[in-house]
Amino acid sequence: MSESVELPAGLPADASPGRPQTGRRLAWRRRHPVLLFAMRRCLVTIPILAVMTLFVFMLVHLVPGDPVTTMLGPHATEENIAATRLQMGLDRPLHTQYVEWITGLVHGDLGTDLLRNTPVSQLLMNHLPVTLELAILASLIGVTVGVSLGLLAASRPGLLRRMTLGLSTIGLSIPYFWLGLMLALVFGGLLQVLPSSGYVAFTDDPVEHFRHLILPVLALGLGQAAYLTKVTQGIVEAFLNSPPSDFLRAKGLTRGQILFKHSLRQASAPIVTIIGIDLGTLLGGAIITETIFGLPGLGNLVVTAIAQRNYTVVQGTILVISTIFVLTVLLTDIIVARLDPRALEGRS
Amino acid sequence: MSAAQTSRTPVLSVEDLSVEYVTAGAAYPALSGVTLELAPGEFLGVVGESGCGKSTLAAAALGLLPANADSRGSIRFDGEPLAGMSSTRLRELRGGDVGLIPQDPLASLDPTFSVGSQIVETLRAHQRIARRAAKARAVELMDTVGIDRPAERFGQPPRAFSGGMRQRIAIAIAVANTPRLLIADEPTTALDVTVQAQVLRLLTRLAKDRNMAVLFISHDLHVVTQLCDRVAVLYAGKLSEVGPARDVMDHPAHPYTAALLASIPQGRTTGRLPSIPGEIGQAALLPGCRFAPRCAHRMPVCDTEPPLAARDRGGVAACWLAASSAPATLAEAGPVAASRRDVQSGGRKDVP
Ligand SMILES: Nc1ncnc2c1ncn2[C@@H]1O[C@H](COP(=O)(O)OP(=O)(O)OP(=O)(O)O)[C@@H](O)[C@H]1O
Ligand SMILES: [Mg+2]
């Protein structure tokens, strides 16, 4: 059944890899199913990215208001506004503006921030690292804590298991912005042990840099940890009670081998999928978290830009965030296919 | 069994083994007072209907009873009690000295690892052997159990193999470290008839070549009597009869054995199979003979525990009838005890 999936249509089902020509192609496809899958997935990603640019552009331009009114303030005259619009090219038809934007994108030019008169790419270069660091650290915390607790809960039934699952249920039901506010209030406000606001560049002071990131990273990462605890525990526990696990014990494997090699492999595909999809959520969550903790990331950048109808900046930021998301999902799919070849069958 | 063999220490000896499963506060006796011995190189068949405790016996012999099982009695491997073994020694035993072919081999391989790596892993769990040498050995084993182009198929996942081929992989894993005892839990139930015969031939060949003792578990008395030196018949967790295979077949001393033999279809049947009237149900909870409610020879005395009576040509039978007289008439009484009924589908009892 599984083999027929990889056979191209029109070939007899019994075609063996040894046959000439088609046989050789088939052999290649059989030997590198993951590579083939990766290539296909990459090709599909290109139109997705193209359509995405159109959506981003429309979304930004169809909202009423423009940067000129913000720029010139409430007392600007009609003529003044019209002149500035003309000067900035905002009077031209939307499709012309879109084509211009895309042409720029292809050449690596994301446009210019009309208000600050700086290239958008430079703004992004300044803000993106903060957000990425926040999201990646949060994801790292989520995975380490979540997978360890999940394994622990699954392998040690009893009080520990119930406590872990109880905690993760609580963790799942707390919204991260609330958690962020509480962490800021307790550790930053009441106990005064950690800074609850502001940012220090790594190059200025590495220790302070990380001290400032602890609370936002926890606010963002603990939810993912709770989710991954549940998922890992569920999959590992189901595996430990399944015939394959019984057979592994009958083969004389150690508990550790069964837990870390076999059941973790079982859980790895879902875990990687969750990490991949959550990275998108984390990027979104970072926007709010950055606002709470006053971090100069993409979130801060885009929130201000939206308020000012600063098209090019909003466009650029959303485009970068969505591209990261699409590429992460792509990468996730390929890793999952590598980890668990069963994933190939449903999708090819 | 030659006299020389029986005089040696048994590979496996089970003495007065009782296992109870406790679920939601209620205890269910899956095995009660089972005593068995298996000589080196011997083929012992264990037969019984679904739910009579066959897999429980296999699990107990590997020291792998589930957490909710309560067991009494003793199990010895080569004279060494399992109960006294360290967890390291137990792990050495499992997959090393004792190989298991699981009841559901199709579902028992790990779907996320290649079949080859699952064989290699077994080898490396028990032998100091380099990865490369283990791989060569695994390919060799795949060849031995009859997998075509083993080197090519080494890296494929279980789902690329048919049921019969997966069964062969499970067998390769079970015999990988040349165990002294092989426990085969209904090794052919999941396979169709032609494949069954091939797999059985493979098993017998391997066992003879490697001089393994085999505990062959089956619900098919016919297969067991053809394959095994001795047969043990289990009913609702108790041994009802143990004896030389041929003799149990020709002269069953227990009415349950007779009824089982009678329910084996002779030649081709068309949709109808003879079966034993009644069901096991909660027979394990009965005070006297557990088969009594379904027995055609039931007597008042059957309400009390039957003694283990010696059979004429070796072995024992747990039956008042066997205890009082030679049951010469039982073989003929069999067909009377069994009636023709429609084939029941889905009669297997699922283990929660
Ligand atoms: N883990 C368990 N918890 C509770 N009861 C169990 C458990 N495992 C088995 N049992 C019960 O113990 C009895 C014996 O089960 P066992 O699996 O040994 O039977 P079996 O003879 O192997 O049956 P089959 O031919 O269907 O495999 C059955 O009634 C079963 O429901
Ligand atoms: Mg069973």
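Things worth noting here:
- Per the Debye formula on identical point scatterers at the alpha carbon atoms of chain A, with no solvent, log10 I(q)/I(0) at q = 0.06, 0.11 Å⁻¹ is -0.33, -0.93.
- Exercise: per-residue mean of other protein chain Cβ atoms within 10 Å, B:101-109: 4
- Greater than 26 Å apart at Cα, pairs in A:LYS251/B:LYS135; A:LYS230/B:LYS135; A:LYS251/B:LYS54; A:LYS251/B:LYS208; B:LYS54/B:LYS208: A:LYS230/B:LYS135
- Mean shadow area of the protein assembly as shown, taken as a quarter of the surface of its Cα convex hull (nm²): 42.9 nm²
- Using the 1.4 Å probe convention, the accessible area of the protein assembly as shown works out to 48 Å² per residue with neighbouring protein chains retained.
- Area buried, chain A against chain B - accessible surface, total, 1.4 angstrom probe, square angstrom: 2200 Å²
- Size descriptor for the stretch A:62-187, Kirkwood hydrodynamic radius: 19.9 Å (Cα pairs only, one decimal).
- Rounded percent of accessible protein surface that carbon and sulfur make up, the stretch B:106-176, 1.4 Å probe: 48 percent
- Peptide A:252-263 shows a mean partner chain C-beta count of 4 within 10 Å per residue C-beta.
- With all protein chains in place and ligands, DNA and RNA left out, the 1.4 Å accessible area ranks A:GLU290, A:GLU133 as A:GLU133, A:GLU290, largest first.
- Debye log10 I(q)/I(0) for the stretch A:51-106, one point scatterer per Cα, at q = 0.19 Å⁻¹: -0.75
- Kyte-Doolittle mean at least 0.0 and Cα axial length at least 24 Å: DSSP H helices in chain A: A:33-61, A:120-155, A:206-240, A:264-293, A:311-339
- Other protein chain C-beta atoms within 10 Å of residue C-beta, averaged over B:86-95: 3.
- Of all the options A:ASP246, A:ASP66, A:ASP109, the one that moves most in a Gaussian network model of chain A with Cα springs shorter than 10 angstrom is A:ASP246.
- Within the listed set A:LYS251, A:LYS230, A:LYS261, the residue fluctuating most in the Gaussian network model of chain A (springs between alpha-carbon atoms under 10 angstrom) is A:LYS251.
The values are calculated or read from the model by the stated rules, or taken from the named source; none is laboratory data. Here the structure is a predicted model, which is why all the values come from computation and not from measurement. With ideal geometry, Cβ positions are generated from the backbone for all residues, glycine too; neighbour counts draw on all protein chains shown. Please note that ligands, DNA and RNA were not included when accessible areas were found on the heavy atoms of the full protein model with its side chains. Shrake-Rupley method; radii C 1.70, N 1.55, O 1.52, S 1.80 Å.
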